[in-house]
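Worksheet: the structure to be examined is printed underneath.
The values are calculated or read from the model by the stated rules, or taken from the named source; none is laboratory data. Computed from a predicted structure; not experimentally measured. Cβ coordinates were reconstructed from backbone atoms using ideal geometry, including for glycine residues, and neighbour counts include every protein chain displayed. Side chains included, ligands, DNA and RNA excluded: accessible areas come from the protein's heavy atoms. Shrake-Rupley method; radii C 1.70, N 1.55, O 1.52, S 1.80 Å.
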Amino acid sequence: MLHIVTDSGADLSANQKKDLPIHIAPLRIVLGNEHFDEENAITPEAFYQKMTSSSDYPTTSQASAGDFAKIYRKIAALWR
């Protein structure tokens, strides 16, 4: 079976993720000392509220090599 690996920048809908063998590595948003990703999500409203109350600019970070390695190990285990 074919598996697709991407990062969350692909912006797939929940329906697309549910119906296809897609594995997604999380992109991260950093604002001050807080880190947000798929597991530690933040709503757009909360994000903008934090931006207006902080002097820090938000930054982003790509998915780590470790995130991708974890996904590939999971897929490899399916073939054993």
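Brief remarks follow.
- Taken as a whole, the condition of being touching a residue at least 40 places away in the same chain (Cβ under 8 Å) and either among the small types (Gly, Ala, Ser) or part of a helix (DSSP H, G or I) (or both) applies to residue 74.
- Applying the criterion of being open to solvent by 70 Å² or more (accessible area, probe 1.4 Å) and among the aromatic types (Phe, Trp, Tyr) to the residues of the range 43-80, the residue that is modelled with the lowest pLDDT is 79.
- Of all residues in the range 36-54, those that are over 24 Å from residue 25 (Cα atoms) have Cβ atoms under 8 Å from Cβ atoms of residues that are open to solvent by less than 70 Å² (accessible area, probe 1.4 Å), 6 or more apart or on another chain, in 50/31; 50/32; 50/42; 51/31; 51/58; 54/31; 54/32.
- Of all residues in the range 1-25 being over 16 Å from residue 63 (Cα atoms) and charged (D, E, K, R), the one that is nearest to the chain's Cα centre (by Cα): 17
- Whichever residue in the range 2-40 is assigned to a loop (DSSP other than H, G, I, E, B), open to solvent by less than 80 Å² (accessible area, probe 1.4 Å) and of a type outside the set (Ser, Thr, Tyr) and, among such residues, is modelled with the highest pLDDT: 3
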